[in-house]
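J.: Okay, here's the structure, questions in a sec.
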Amino acid sequence: DISATLPDIAPDVVIARNDFATTALSGNEPLTPLASFTPFTPMAEREPALYLGFEPPPRRAALPTAPISFYADAPELLFGRPPDNAAAATPAQLSWEYWNGAGWQRLAARDDSAGMTRAGVVEFLPPIDMALRADFDVAPRGWIRLRWTSGDFRHLPVVEQLRLNTTMATQAAT
């Protein structure tokens, strides 16, 4: 019969990462065996979203009030490709939004990509009340997001590239 007694050992540091925020639960002191903490916190955002952060030009405190556009390069759906979710009864509903310093607001955007489900240009004019926000462990930026509000995707979107400040052009002979 072999037995061993180990001393009480606590981690030197305990860190939780919830809702894109990092919290040091133990500070610089090791946790005692009886110390309690909350490892998981509810997420502030209940719906999946794609976030895009735009850095203001040098020596500017805000984004200029000029149109911003980007091209979402998405592969074409091929006829006969099986759906990712054949049971999707209600089409996915998406919402473009921007951060105004107090909360997320609806963003007027021209979206030729149909919510990143096909290749196309997305263009918007930064609203006058758009505020910079330090988020996701990066410096303050003007943030927009594409939020999945309801419904389901029959074919999940795939984006191969985002190309900033693009415009569509057609070559034609007359």
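The values are calculated or read from the model by the stated rules, or taken from the named source; none is laboratory data. Fair warning: this is a prediction, and the values are worked out from it, not measured in the lab. In this analysis, Cβ positions are derived from the backbone assuming ideal geometry, glycine residues included, and neighbour counts consider all displayed protein chains. Areas reflect the complete protein model, heavy atoms only, side chains present, ligands, DNA and RNA absent. Shrake-Rupley method; radii C 1.70, N 1.55, O 1.52, S 1.80 Å.
J.: Can you send over the solvent-accessible area of Ile128, 1.4 Å probe, protein chains only, in Å² to the nearest 10?
T.: 150 Å²
J.: On a 1.4 Å probe surface of the protein chains, which of Trp99, Trp148 comes out largest in accessible area, and what is the full order?
T.: Trp148, Trp99
J.: With every protein chain left in place and a probe of 1.4 Å, what is the accessible surface of Leu164, to the nearest 10 Å²?
T.: The accessible area comes out at roughly 100 Å².
J.: At a probe size of 1.4 Å, how large is the accessible area of Arg17, to the nearest 10 Å²?
T.: 130 Å²
J.: Going by a ≥ b ≥ c, the root eigenvalues of the Cα gyration tensor, does the range 42-173 fall in the rounded group (a/c under 1.5), the prolate group (a/b larger than b/c) or the oblate group?
T.: Verdict is oblate for the range 42-173.
J.: Further question on the same structure: Counting only other residues whose beta carbon sits under 9 Å from that of Ala92, what net charge do I get with K and R as +1, D and E as -1? Numbers along the way, then the final one.
T.: Values: positive: Arg154; negative: Asp152.
Around Ala92, the surrounding residues sum to 0.
J.: Per 0.36 nm of contour for each residue apart, how much would the distance between Glu160 and Ala24 grow if the chain were fully extended, relative to their Cα-Cα spacing?
T.: Full-extension gain reported as 45.4 nm.
J.: Starting from the Cα of Thr149, step 7 Å along the direction of its Cβ; do the same at Ala66; then give the gap between the two resulting points in nm.
T.: 3.1 nm
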